Amino acid sequence: MLTKVRISGGGRCNVTHAEFIPNQLSLNYPRGEKELLGPFHTFMTGDTMQWFEKKGIPLKIEEDGRIFPESNSSQTIINCFIKEAKRLKIEVLKQHPVKEIKNEKNNWVVSTENKTFSSKKLMIATGSNPKVWSLLKTLGHSIIPPVPSLFTFNINDSRIKDLPGVSTLASVSVLLKDGTTNLKSEGPLLITHWGLSGPAILKLSAWGAVDLFDVNYQFRIKVNWLKPETKESVFEILKELKHKYIKKSLHKNPQLELPKRLWQNLLVASKIYENQKWAETTHVQLKELASQLTQSIFHVQGKSTFKEEFVTAGGIDLKEINFKRYESKIHKGLFFAGEVLNIDAITGGFNFQNAWTGGFIAAKAIATND
Ligand SMILES: Cc1cc2nc3c(=O)[nH]c(=O)nc-3n(C[C@H](O)[C@H](O)[C@H](O)COP(=O)(O)OP(=O)(O)OC[C@H]3O[C@@H](n4cnc5c(N)ncnc54)[C@H](O)[C@@H]3O)c2cc1C
């Protein structure tokens, strides 16, 4: 029970994010941005914080905006839900996988392996379980095909080899086959044993979840290690450095606030040899270095799981949901929340916020007598 909460946020459970303006918050959802705007006016991040704090769970906001329990343990959140369920006398049945959902004479009939249940209203919050999506298809709902989101990029390239753990601010864009791009992001970029990760990459994996799946995770990216500088502006800076540091070795004196080993690898890629001094650099070498610093092209060949958080893009088509109640427009009395819907977010606590918002609004609607 609450398995995902347990493993979430590297075992610390990133419950929500310190973004308190609804239309700013909704920008973090590649799927669901438009639909969540209304619901966020009813229940969002501040309400989540208040809810937990009222239950005696102090939270803390980290520098990057992620919010965790002060205890740094997801067990605190699990205990809180279990205690709350007990207080409200909610019966929790484990090992009861739902096999069938039918609507009989305005009643929802749900069958598990061992029992059949019946009720006027039914709430489905089964996450990304494909079996439940199949059941929902038989009830007439459309399912947007699921694809993974929040992953890191596999890259085998000498420029980032042997640099795991090096992190820097950069901007990254995905290059489509014709060289154009509409997928761009910027932020911390982390070099790993397998390629590139960090917020800049995870954002691209979320916004490009469907497009990158379609190309089987084989594509090129362009990295600007010195955003907002351009190739031209960096070339001018390099010419100035050449005059300033005439007799100094490029390899031994990293410039432009780049991590030393990354700077050295980019020098090698620009064919600037190890003991070369600034005075000995040619126009062509400096042009190439400016290009490496602002337009490094990398070939991505596959993806890896980001262990702290991942999510599935896809699910029930949002056109079929009334977001004032999180109720099906096809079947009265059928409610949904969380990842079962075609909603997902970038990393940072936004995915849980989607689940809390939907859960709160659906529960209110279920509790009203209409
Ligand atoms: C490793 C990892 C770390 C994460 N960390 C974070 C984080 O820190 N912050 C964040 O915002 N998001 C995080 N996420 C994403 C977040 O966990 C999900 O978005 C969220 O759990 C979705 O909630 P849900 O209720 O929709 O689905 P789930 O949490 O997946 O819950 C679905 C429930 O339905 C039950 N169920 C499924 N099928 C059936 C069936 N047929 N019959 C009966 N029961 C069924 C399951 O057993 C489960 O209890 C993380 C995800 C992963 C995988």
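The values are calculated or read from the model by the stated rules, or taken from the named source; none is laboratory data. For clarity, every value in this text was computed on a predicted model and none was experimentally measured. Every residue, glycine among them, receives a Cβ derived from its backbone with ideal geometry; neighbour counts consider all protein chains shown. Side chains are part of the model used for accessible areas, which takes the heavy atoms of the whole protein and leaves out ligands, DNA and RNA. Shrake-Rupley method; radii C 1.70, N 1.55, O 1.52, S 1.80 Å.
General remarks:
- When residues in the range 256-271 are screened for being open to solvent by 40 Å² or more (accessible area, probe 1.4 Å), free of Cβ contacts under 8 Å to residues at least 60 places away in the same chain and farther than 15 Å from LEU189 by Cα, 4 of them pass.
- Some residue of the range 64-73 being free of Cβ contacts under 8 Å to residues at least 60 places away in the same chain, open to solvent by 30 Å² or more (accessible area, probe 1.4 Å) and under 28 Å from GLU19 (Cβ atoms): yes
- The single condition among (1) within 29 Å of LEU135 (Cβ to Cβ); (2) in contact (Cβ under 8 Å) with a residue 40 or more places away in the chain; (3) in contact with a Gly (Cβ under 9 Å, 6 or more places away or on another chain) that ILE78 does not meet is (3).
- Lone unmet requirement of (1) over 30 Å from ALA367 (Cβ atoms); (2) in contact (Cβ under 8 Å) with a residue 24 or more places away in the chain; (3) in contact with a Leu (Cβ under 6 Å, 6 or more places away or on another chain) for ILE101: (1)
- Looking across the range 173-219, the residues that are part of a strand (DSSP E or B) and polar (S, T, N, Q) come down to SER173, SER185, SER197, GLN218.
- Restricting attention to the range 1-50 and to residues that are buried (at least 16 other Cβ atoms within 10 Å of the Cβ) and among the polar types (S, T, N, Q), the residue that is farthest from the ligand (Cβ to nearest atom) turns out to be SER26.
- Selection status of LEU169, within 15 Å of the ligand (Cβ to nearest atom), of a type in the set (A, V, I, L, M) and in contact (Cβ under 8 Å) with a residue 12 or more places away in the chain: no
- Some residue of the range 150-162 being open to solvent by 10 Å² or more (accessible area, probe 1.4 Å) and within 16 Å of the ligand (Cβ to nearest atom): yes
- In the range 228-255, of all residues being loosely packed, with under 14 Cβ neighbours inside 10 Å and under 36 Å from the mean Cα position of the chain (by Cα), the one that is nearest to THR192 (Cα to Cα) corresponds to PRO228.
- Of all the numbered requirements in (1) more than 33 Å from the chain's Cα centre (by Cα); (2) surrounded by fewer than 16 Cβ atoms within 10 Å (Cβ to Cβ), GLU84 misses one, and that requirement is (1).
- Selection count where residues are buried (at least 18 other Cβ atoms within 10 Å of the Cβ), in a loop (DSSP other than H, G, I, E, B) and not hydrophobic (A, V, I, L, M, F, W, C), scope the range 309-324: 1
- Residues of the range 325-345 that turn out to be open to solvent by less than 10 Å² (accessible area, probe 1.4 Å) and either more than 16 Å from THR126 (Cβ to Cβ) or not in a strand (DSSP E or B) (or both), as a count: 7
- As a summary of the residue check, ILE201 satisfies the conditions (1) open to solvent by 10 Å² or more (accessible area, probe 1.4 Å); (2) farther than 30 Å from GLU104 by Cβ except for the one numbered (1).
- Filter result for ASN129 (open to solvent by 50 Å² or more (accessible area, probe 1.4 Å), under 25 Å from PHE360 (Cα atoms) and within 15 Å of the ligand (Cβ to nearest atom)): yes
- Filter pass, GLU274 being touching a residue at least 12 places away in the same chain (Cβ under 8 Å) and exposed (fewer than 15 other Cβ atoms within 10 Å of the Cβ): yes
- Of the residues in the range 319-342, at least one is modelled with pLDDT of 95 or more, under 18 Å from PHE81 (Cβ atoms), within 12 Å of the ligand (Cβ to nearest atom) and under 16 Å from the mean Cα position of the chain (by Cα).
- The range 320-344 residues that are β-branched (Val, Ile, Thr), paired with ones that are not in a strand (DSSP E or B) (beta carbon under 6 Å, 6 or more apart): ILE330/GLY140; ILE330/GLU320; VAL340/THR126; ILE343/GLY32; ILE343/ASN354
- Residue match in the range 67-74 (condition: in a loop (DSSP other than H, G, I, E, B) and closer than 30 Å to ASN322 by Cα): no
- Residue count for the range 20-55 satisfying the condition of being touching a residue at least 60 places away in the same chain (Cβ under 8 Å) and of a type in the set (A, V, I, L, M): 3.
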